[in-house]
Amino acid sequence: MSSPTSPVSPPASPETAPYLQRGTAAFRRANWALFAAGFSTFSLMYCVQPLLPLFADHFKVSPAQSSLSLSLTTGLLALAIFLVGLWASRLPRKSVMAASLFASGVLTLAVAATPDWHALLAVRALQGLVLGGVPAVAMAYLAEEVSSSDLGFAMGLYIGGSAFGGMMGRVITGLVADHSSWRVALVVVGVVGVLAAVLFVVALPTSRHFKPQRSGGWSAARQGIVTHLVDPNLLSLFALGFLLMGSFVTIYNYAGFRLMAPPYSLSQTLISAIFTVYVVGIFASALFGRLADRHGRGAMLCMGVGTMLVGLLLTLAVNLVVMVLGVVVLTFGFFAAHSVASGWVGQLARGYKAQAASLYLLAYYLGSSVLGSVGGKCWEWAGWDGVVGLIGAFLVVSAALGARLYIVTSPGRAVVAGERMS
């Protein structure tokens, strides 16, 4: 038993508290929690993607109109991320993310009960607003709490959770819908989302380096935004987020329509099985996050974009195996590039890290919303060749942006990414 006079150590201040490092229990708990958050967010967001052909048939709407069930969610998610990011310096990290996860799970259950198409779109739009709490704060939490030497690895695991969630949300709804109905499928995903929220609350360590700012308000938020928008390197990363995410979502939005049509004529179950290629996204995120820490983010970013372009070209093949291989390669490249780019934002930002993360994610999800719907028009006008032509142009621009970042952040230049960490 301790003596009554035993000294009690005061809690560490944000300046002296240790950072989360690999090998510690707190680091493992944080990774499990953020993995669960990424899983829940992306499974609930993208669970409708394999259901787009079913929505088009059930509600008698066009493919482009059916894509609104996803585009509205991602578009309003982008707005929510931006608004939360403006005030992130005042908001408690864990509480915001927990509220977002629980609310989005409940709203998925509500989507399953909607009586008509417009009601479904309204609930999915509301879901986009509440989902914004996790992406807007998770990147800031990692940038604040994880040691710089392990940030790439931790960010890769978080994005890996996003990849796993994106995969399982699509696979679960596709399988259940094929054997029951799309309404039952959404109920199942909603319940899984609520359980993931419980795991998140139990596992995530509280913030130790977050210092709430009670003053500044809009003026401070505006200063942070302006600081980032005049930085050409951050602008390049924001543009990459827009183009890469828009390209990726467009491919998955309309791959289902292609595979249900001749010469493939696949069932909903088989199409859903193709979404298991998201497993390579989990591997790519963790791998490239670690490689970026060791070999430089510019080179790894260019490699990821180049891999996406190779995969895109393979999807032009009529042979089903080659076409699916192309989707696998494109998926690997996307998660590799996104893992590197998202981690780099936090390092290049000179202060106001939450605002930098929110701007990146604003661009990221706007790309999903805008380009995902534009891709529908290309599908209606020119089929899969039109979709590939559109995405090919976006990836060429992305490659040019990646090459620029590689050049200007190379060790021989005056601006080096490692020297700009705040």
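Computed from the coordinates by the stated procedures, all read-outs in this text should not be read as laboratory data. These numbers were taken from a predicted model, which means no experiment stands behind them. Positions of Cβ are generated from backbone atoms using ideal geometry, with glycine treated the same way; all protein chains shown enter the neighbour counts.
For the stretch 162-176, 3J(HN,Hα) computed residue by residue from phi via the Karplus equation (6.51, -1.76, 1.60; θ = phi - 60°) reads 4, 5, 5, x, x, 5, 5, x, 5, 5, 4, 5, x, 5, 5 Hz, glycine and proline entered as x.
Along the Cα→Cβ direction, 7 angstrom out, place labels at residue 114 and residue 322. What is the inter-label distance in nm? Roughly 3.9 nm, to one decimal.
Taking the chain as a Gaussian network of alpha-carbon nodes connected by springs under 10 Å, the highest mean-square fluctuation of the residues 189, 61, 321 belongs to 321. Amide H to amide H distances under 5 Å link residue 207 with 94, where only residues 5 or more positions off or on other chains count and H is placed in the peptide plane. Extension gain, residue 239-residue 29: 0.36 nm per intervening residue step, less the Cα-Cα distance, totals 72.3 nm.
Gain on full extension, evaluated as 0.36 nm per residue between residue 62 and residue 408 minus their Cα-Cα distance, stands at 120.1 nm. With each label modelled as a point 7 angstrom along the Cα→C-beta vector, the residue 264-residue 380 pair spans 2.2 nm.
Only Cα pairs under 8 Å and 6+ residues apart enter the sum, and on that basis the relative contact order of the chain stands at 25 percent. Take each peptide in 302-313, 20-31, count the other Cβ atoms within 10 Å of every residue, and average; sorted highest first, the result is 302-313, 20-31. The stretch 327-400 and the stretch 133-182 have Cα centres separated by 16 Å.
Scanning residues 5 or more positions from residue 146 or on other chains, those with amide H under 5 Å from its amide H are 20, with H placed 1.01 Å from N in the peptide plane. In the chain, helical runs assigned H by DSSP with n ≥ 4 each contribute -39500 (n - 2.57); averaged across all residues and rounded to the nearest 500, the mean residue ellipticity at 222 nm is -26000 deg cm²/dmol. In order along the stretch 255-264, the phi-based Karplus estimate (6.51 cos²θ - 1.76 cosθ + 1.60, θ = phi - 60°) of 3J(HN,Hα) comes to 4, x, 4, 5, 6, 7, 8, x, x, 8 Hz; Gly and Pro are listed as x.
Comparing 395, 330, 34 in a Gaussian network model of the chain where C-alpha atoms under 10 Å apart are linked, the largest mean-square fluctuation is found at 395. Quick note on the stretch 79-132: its Rg to Rh ratio, both from C-alpha atoms and Rh being the Kirkwood radius, is 1.07. Stretching the chain fully between residue 283 and residue 149 yields a gain of 46.3 nm (0.36 nm per residue, less the alpha carbon separation).
Using only the C-alpha atoms, the convex hull of the chain corresponds to 150 Å³ per residue. Springs between Cα atoms under 10 Å define the GNM used for the chain, and in it the highest mean-square fluctuation of 358, 67, 207 occurs at 207. Annotation note: trypsin sites (Lys or Arg not before Pro) in the stretch 248-350 located in DSSP loop regions with a Cβ neighbour count of at most 13 within 10 Å are absent.
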